[in-house]
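What follows is a single structure, written as structure tokens, with notes after it.
Here, each number is a calculation from the coordinates, and none is a lab measurement. Nothing here was measured: the structure is a model prediction, and the numbers come from that model. Neighbour counts run over all protein chains shown; Cβ positions are idealised from the backbone, glycine included.
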Amino acid sequence: MNPVRRFFRRYVFSTVGLLALLLFTNIAVLVVLLGISEVKGPSDRFQIVDFCAHLQGGGSSWQADPEAIGMLKEERAWAMVLSPAGQVAWEYQMPAELPRAYSSGDIAQFSRWYLEDWPVTVWALDDGSLAVVGRPKGSMAKYYVSLGRDYYDFLTTLACGIFYINVLLVVVLFIHSARRVEKAMGPILNAIRSLADGKPVRLQEDGELAEINTSLNRAAAYITRKDNTRAEWIRGISHDIRTPLSVILGYASELEESGELPPWAREQAGAIRRQSEKLTSLVADLNLTTRLEYALRPIDQKKLDGVELARQAVSEVLNDGLADCYTLTFMEAHPGRHLPVAGDPALLDRMLSNLLRNCIRHNPGGCRITVTVAPAPATAAGCLFIIADDGCGVSPAQLQTLNRGGPLASTQPADPAGEHGLGLRIVRQIVQAHRGRLSFSNTSPHGLTVTIWIGEK
Amino acid sequence: MNEDKTILIVDDEAELLEMVRGIFVRAGYGQVMTAGNGPQALALCAARRPDLVILDVMMPGMDGFSVLRELRRTSSVPVLMLTARSEAEDKFTGFESGADDYLAKPFLPRELLFRAQAILRRTSPATGHRVRLAAAEVDIENAAVRRDGQTFPLTAKELQLFRKLYENAGRIVTTGALCETVCGPVWQGYECTLATHIRHLREKMEANPSRPVSIVTVKGLGYRLDLPDAKGAGR
């Protein structure tokens, strides 16, 4: 998935998650509050029931025990008991202005609303009497709600609907806003990624982020100009040097093979030819490493056979002639099995060729070189190329440098072959261009082993 | 054999032109012509009909690719591109334009000669051309092998394989390259059949097929054709 899309998807998911958390928290707080109010809030029904438990008597004769009186005092309340006939049968601190007899209409009215502005609560006693407790004026609010069932259901559904629509609206708005951010930021992030990959960048210089886009365009143009200048310079030098080198190499080679010249002159011509070949190799390597460095050389991704690639690289070295002090052996870990890899055949051939020629160059006294092709470990598809020699190897410090991918100068401090150090650099660049892996280890008891993994895709 | 061949060398660098001309003259080529630019090369091609053109890519005015495209409109003369540009895409452009081979500067004279000879051998095989092996003689034109007074015909695939080996005589030709010669780019799985073809070739060409001396197996890599009158990369 595109990293920019992944970034914004994660952004949207985290936001939706936050909203869900918010909703959950709200619900949790509501539940806790309800619980607290249930436990600690004024529960009139309970209180009046409690109070009524301390009333004794019946008909027109009622008594309240001291505990009931204590409860009323605590609430600064007054109380009365109405007999079934509506007469006050018992009273406590009842305001004098209130009547002492009530019709059923009066009772129906004050039981739901107020008794002369006193908020009252009522409770029916066993014999049909009615206990009434009045609170101080303004200490309680009483509302009476009465709705039709259909209308109540409609209201409930509506409330739920509005709630869900709200949630949906919040999510949609959020996604929409994230999309807008993505639209504005996406090209910028892609441009930064392209810059990191060394690809050209050109952003529209308008909108809210025009300033950033302009800066990025300027940075990209600067980097491209700098890279192109450097690459063109090396390319130009390498091109211009080739024709004079051809003349030098051609005449030196002809003179070296000429039977009309004395041996010392042919030997000198041979030295010119060898140095010209070294220059040729240096120019070619310099050109290739620059092109790989600045991604100027496109990687031709083809499906290839790893075994055949290695066979061709080994054959080329053998066909070019190998001194008797060297042996070059090709081995297949699983003979007959094809090991598909994806890559640029010319570059992969160059990679293997560089490694093989390195073994020869750094072991002038001779060595045994083994090229093994093996399937990649179970976790990865592709092919392993293992190039091992039993030559002089490298020091532990150099091995560490090689594996760290540090600057790769010649592995030999006093390199008689005059290695310019680009061979391994090119190998590393080719492996990186193919998203492969490269590692170095010591061959037992001596020598160097290079292991390269190249994937199938 | 080279005296009757006409070579045309095209390059804007006079010194290089002279050097390459010298290489071909010393190698025994009878007629070696030179041209310093594209139009001159096209005129010489039309007038003298060379057997091979050695063509530089980067020339002022008309570049090598343009010369080659123009040439291909009227002629199928083999062309070896000789250039200071070695990038793969340049090679592809050269081959797409109809080049027969491509050699990057700087080069060794011997490599240039080998490539020129290989192209000439491919494009105008001598009539009745025969290849002498240690125990047999192969008549490429008639697809036949003569050994111990007997004649063994070669199948089309055996002839293809032998040609490939002969073009690279003295050099290892990998199993994949040989398989590709016979059955194209998708050759995986053909190795066993290749081994059978090689066995048949040996039965026809070797005195003792179990101990081959002409078509030699290079373990793990492929095969090499060794000619009795050649050493190493020579013919």
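A few remarks follow.
- Within region A:312-399, chymotrypsin sites (Phe, Trp or Tyr not before Pro) in DSSP loop having at most 13 other beta-carbon neighbours inside 10 Å: none
- Cβ-based net charge around A:Arg425, under 10 Å, with every Lys or Arg adding one and every Asp or Glu removing one: -1
- Under the membrane-span-like helix rule (DSSP H runs whose alpha carbons stretch at least 30 Å along the helix axis, mean Kyte-Doolittle hydropathy 1.0 or higher), chain B yields none.
- Reducing region A:134-152 and region B:12-87 to their Cα centroids gives an inter-centroid distance of 110 Å.
- Inter-chain Cβ neighbour average for residues A:306-316, partner chain, 10 Å: 5
- Computed from Cα positions, the angle between helix A:306-319 and the longest principal axis of chain A comes to roughly 20 degrees.
- Axis of helix A:210-257 versus longest Cα principal axis of chain A: the two differ by about 20°, to the nearest ten degrees.
- Less than 5 angstrom separates the built amide H of A:Leu328 from those of A:Ile369, all sequence-distant by 5 or more or on a different chain.
- Overall form of region A:201-360 per C-alpha gyration tensor (a/c, 1.5; a/b vs b/c): oblate
- Note on chain B: antiparallel DSSP beta bridges, both residues inside, total approximately 50 percent of the bridges counted.
- Under-5 Å amide H pairs with A:Ala89, H placed in peptide plane, nonlocal only: A:Val81, A:Leu82, A:Ser83
- Counting other Cβ atoms within 10 Å as a rough exposure proxy, the listed residues B:Ser210, A:Ser395 run B:Ser210, A:Ser395 from fewest neighbours to most.
- Using the Cβ of A:Thr243 as centre and a radius below 10 Å, the other residues enclosed give a net charge of -4, where K and R count +1 and D and E count -1.
- For region B:171-221, trypsin sites (Lys or Arg not before Pro) are listed when DSSP marks them as loop and at most 16 other Cβ atoms sit within 10 Å of their Cβ; the list is B:Lys219.
- Under DSSP loop assignment and at most 14 Cβ neighbours within 10 Å, longest GluC sites (Glu not before Pro)-free interval of chain B: B:4-140
- Sequence of A:Ile48, B:Ile23, A:Ile27, A:Ile299 once ranked by neighbouring C-beta atoms within 10 Å, starting from the fewest: A:Ile27, A:Ile299, A:Ile48, B:Ile23
- Close amide H partners of A:His434, meaning residues 5 or more places away or on another chain with modelled amide H under 5 Å apart, do not exist here.
- The distance linking region A:256-274 with region A:420-449 is 36 Å (Cα centroid to Cα centroid, whole angstrom).
- Among A:434-447, B:52-65, sorting by the average number of other beta carbon atoms lying within 10 angstrom of each residue, highest first, gives B:52-65, A:434-447.
- The protein assembly as shown: antiparallel DSSP beta bridges as a percent of all, rounded to 5: 70 percent
- Listed peptides A:11-20, B:112-121 appear in the order B:112-121, A:11-20 once ranked by packing, highest mean of other Cβ atoms within 10 Å at the front.
- Residue order, fewest to most surrounding Cβ atoms within 10 angstrom, among A:Leu72, A:Leu288: A:Leu72, A:Leu288
- The modelled label-to-label distance between A:Asp127 and B:Lys219, using points 7 Å beyond Cα along the C-beta direction, is 12.3 nm.
- Contact order normalised by residue count of chain A, Cα under 8 Å, 6+ apart, percent: 9 percent
- Region A:350-381: trypsin sites (Lys or Arg not before Pro) falling in loop per DSSP and having at most 11 other Cβ within 10 Å: none
- Crossing angle, helix A:422-433 versus chain A [Cα axis fit, 0-90 degrees, rounded to tens]: 40 degrees
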